[in-house]
1. Magnitude of the Cβ-charge dipole of segment 233-339, K/R +1 and D/E -1, about the Cα centre, nearest 20 debye?
2. Only Lys, Arg, Asp and Glu count, each charged at its Cβ (+1, +1, -1, -1), so figure out the dipole size of the chain about its Cα centre, rounded to 20 debye.
3. Could you tell me which GluC sites (Glu not before Pro) in segment 12-106 are loop residues by DSSP with no more than 15 other beta carbons within 10 angstrom of their beta carbon?
4. Roughly what angle does helix 310-329 make with the longest principal axis of the chain, taking Cα atoms, 0 to 90 degrees, to the nearest 10?
5. Taking Cα atoms, how many degrees apart are the long axis of helix 15-26 and the longest axis of the chain, rounded to 10 and kept between 0 and 90?
6. Could you check what % of the DSSP bridge pairs in the chain are antiparallel, to the nearest 5?
7. With the dipole of segment 6-120 worked out from charges on the C-beta (+1 for Lys and Arg, -1 for Asp and Glu) around the Cα centre, which of Ala48, Leu112, Val86 lies farthest toward the positive end?
8. With just the Cα atoms of segment 6-120, tell me how far they stretch along each of the three principal axes, in Å, largest first.
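We did not get these values from a lab; they are worked out from the coordinates using the rules stated. For clarity, every value in this text was computed on a predicted model and none was experimentally measured. Cβ: placed from backbone, ideal geometry, glycine included. Neighbour counts: every protein chain shown.
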Amino acid sequence: MNRQRLNIGIIGAGRIGRVHAETLAFRVPEAFPMAVADVNHEAAAAVADRCGIPKVSADYRDVLNDSSIQAVLICSSTATHADLVVEAAAAGKHIFCEKPVDLTLARIDKALAAVSKAGVKLQIGFNRRFDANFARVRQAVASGEVGTPHRLHIISRDPAPPPLAYVKVSGGMFLDMTIHDFDMARFLIGDEVEEVYTAAGVLVDPEIGKAGDVDTAVIVLRFRNGVIGTIDNSRRAVYGYDQRAEVLGDKGSIATANCYPNQATVSTAESVRRDLPLNFFMDRYTESFASEIRAFVEAVAGDKPVPVTGADGRIPVVMGLAARKSYDERRPVRLSEIA
Ligand SMILES: NC(=O)c1ccc[n+]([C@@H]2O[C@H](COP(=O)([O-])OP(=O)(O)OC[C@H]3O[C@@H](n4cnc5c(N)ncnc54)[C@H](O)[C@@H]3O)[C@@H](O)[C@H]2O)c1
């Protein structure tokens, strides 16, 4: 296609594949979505049609074998990520891979080794780092604006649980949902967690418990630098998607509120109120999805380091496995016990 543009192939044309395809097609002039593949050909064709993507296939190998394509976005189901990373790296493609890379460390390590051997770039889809609210919190911590951090509190609640069929294959709440919060914790504090302690239960839907998962949790994080963090998770907040963070340091604190579809307040004799927050991630994190893809394109085109590395993809999985072990064994678990 256009020689100044980075040609990109998209593997997986479901919910997130479509979001990233739209970003490439309409919001990043430096890139071009050249091909899309999905085992569900109809899904790929629909995204291609919407985004003006010239090549459509039911076989991801058509994307990997296409010499006009320099980079791929892996947006297929979680279980396919690790193998696709290995194959894409062997084909010499730069890779953006959705979270999580995999649910097991052995398969993640195999994927990261393949990337390192091939010398290609790998960025992981932890989009929340690119959210303007959370980026401002990070800036306040990194610049010393709130002083030395002491406490981190992340509130991360979904509006409603996912379908049971999804719960069963997702790897569980800690690896599917909390994984974003584990990444956010490392990102905001700029240091590593050494130990986690989980209190969790099934309070939203007994069927989630029968599937072996939990739906409500508080996870205490002990950072290497002494910061004490807490993550507050629920699979159901009836008022919508609840996504907030606060850092308290010795010079002050910084906190973020939820995002709303409008800024209006209704004041009456009974109450002062506003509309509910944005309902879920597709609305709440729209801008961050675009920003992470823009950052990937810039890193590849400019041969610069990616902002979210393979190691950044691995550590939250270790944290998720530790959180589950802590819940199972009802004790604090050091990350070194897992990794
Ligand atoms: N960063 C985020 O906030 C975020 C949000 C949503 C999803 N995700 C991640 O993105 C991935 C996809 O999630 P989704 O919600 O879009 O799921 P989805 O089920 O809507 O879409 C996945 C698509 O992948 C296709 N697929 C499966 N195996 C394939 C293969 N071998 N080759 C090509 N296509 C294949 C399926 O047919 C489906 O269309 C998951 O790993 C999920 O964790 C991340």
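1. Dipole of segment 233-339, to the nearest 20 debye: 380 debye.
2. In total the dipole reaches around 400 debye.
3. Listed in order of number, the matching sites are Glu30.
4. Long axis of 310-329 versus the principal axis of the chain: about 40 degrees.
5. On a 0 to 90 degree scale, this one is about 60.
6. 55
7. So the residue we want is Leu112.
8. Largest to smallest, the principal-axis extents are 38, 24, 23 Å.
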